[in-house]
Amino acid sequence: MSKVFFTFVATLIFISGFSQSRTELSKKRSYYGISLGFVQSSVILENDLPKGYRAYDGSGFNIGIISEINFSKYFSLSPKFEVTFTDSRIERNNLTKGKIVYRVLPISLDFMAHAIIKTGKSKLNPYLFIGPNYKKALKGPDKESIKWNEKSNIALDFGLGLELFFKKFIISPGLRYSYGLSNISSLKDIDSIKMNSISLVFVFKG
C-alpha cells in the first residue's frame, strides 16, 4: 500500500504546477464527471487458515461516474458509482483436484455517498471525505478449479484529496481507504473473510 501513497504524493506535486486560480467552475452548484483509479486490496482473516489454504492480496483498477452537490465552498455531498476489478484470492491445494482458486470479490459494483469537507482555498483546495460504500458482488462462471465469492461487502470509506482548478475542468486526485465491515466468506472451511482496500483515484469533473 505504500506504493499507492507515494504515487499519490508524486502526482500531486506534478499536477499542482499546472493548476490555475479558481475559475467560474468553483461557483457551480453541482459537478458531474468520471473517475479512474488503481486499487490494492487486502484479504483480512480473523483466524488462521486451515491447512492447505493460502490467501493472496490483489491489485486492480476501478472506473466510474460521479456527481457532487455543493452546499457551500466548505461542504459538499458526492454520490458515486464505480466498477472495481481486483485479483484477490484464496488458494487451496487439493490432493485429488489440484489447486482450487476462490476469487474474493473480483468484480463489484460500488455505490458510494461521500460527505466532503473542503478548505475553500483557491488554486489548490485540499479536502477530507467519509461515507458508506456498498460493494455488490458480481459472480462469474464457476469451474472445477475456480470458484467465485458470492457475498457483497459493506465498507466505510474515508480519505483525502486535492481539487486542482483548470480553465474548463477540475482534476481531483484522491487517496481512498475502504474498511470492510461485512463477512464475505462463502467457504465452509473459513468462518470469516473481510476485505479492505486502498485506492488512488483521479476524478475529472466540470
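In order along segment 152-162, phi translates into HN-Hα couplings of 7, 10, 10, 10, 9, 9, 7, x, 8, x, 8 Hz, rounded to whole numbers, per the Karplus curve 6.51 cos²θ - 1.76 cosθ + 1.60 with θ = phi - 60° and x for Gly and Pro. Magnitude of the charge dipole for segment 107-198, about its Cα centre and with charges confined to Cβ atoms of Lys, Arg (+1) and Asp, Glu (-1), is about 480 debye.
Each Lys or Arg adds one and each Asp or Glu takes one away; over the other residues whose Cβ falls under 13 Å from the Cβ of I63, this sums to -1.
Normalised by residue count, segment 39-84 yields a Cα convex hull volume of 121 Å³ per residue.
Partner lysines whose Cα lies under 23 Å from the Cα of K136, excluding those fewer than 8 positions away in the same chain, are identified as K80, K147, K151, K188, K194.
Taking every C-alpha pair closer than 8 Å and separated by at least 6 residues, the mean separation divided by the residue count of segment 44-139 gives a relative contact order of 25 percent.
Of the residues F169, S185, S145, the one whose Cα sits farthest toward the positive end of the charge dipole of segment 137-206, with +1 on the Cβ of Lys and Arg and -1 on the Cβ of Asp and Glu, is F169.
Ratio of Rg to Rh for segment 98-206, alpha carbon only, Kirkwood? Please report the intermediate quantities before stating the final value.
Values: Rg = 17.9 Å, Rh = 16.0 Å.
Here the Rg-to-Rh quotient is 1.12.
Cβ-to-Cβ counts within 10 Å put Y127, Y177, Y32 in ascending order as Y32, Y177, Y127, the fewest first. Relative to the globular-protein estimate of 2.2 N^0.38 Å, the Cα radius of gyration of segment 68-122 stands at 2.02.
Readers should treat all values here as calculations from the given coordinates under stated rules, not as data from a laboratory. Because the structure is a prediction, the values reported are computed rather than measured. No Cβ is skipped: glycine too gets one built from the backbone with ideal geometry, and neighbour counts run over all protein chains shown.
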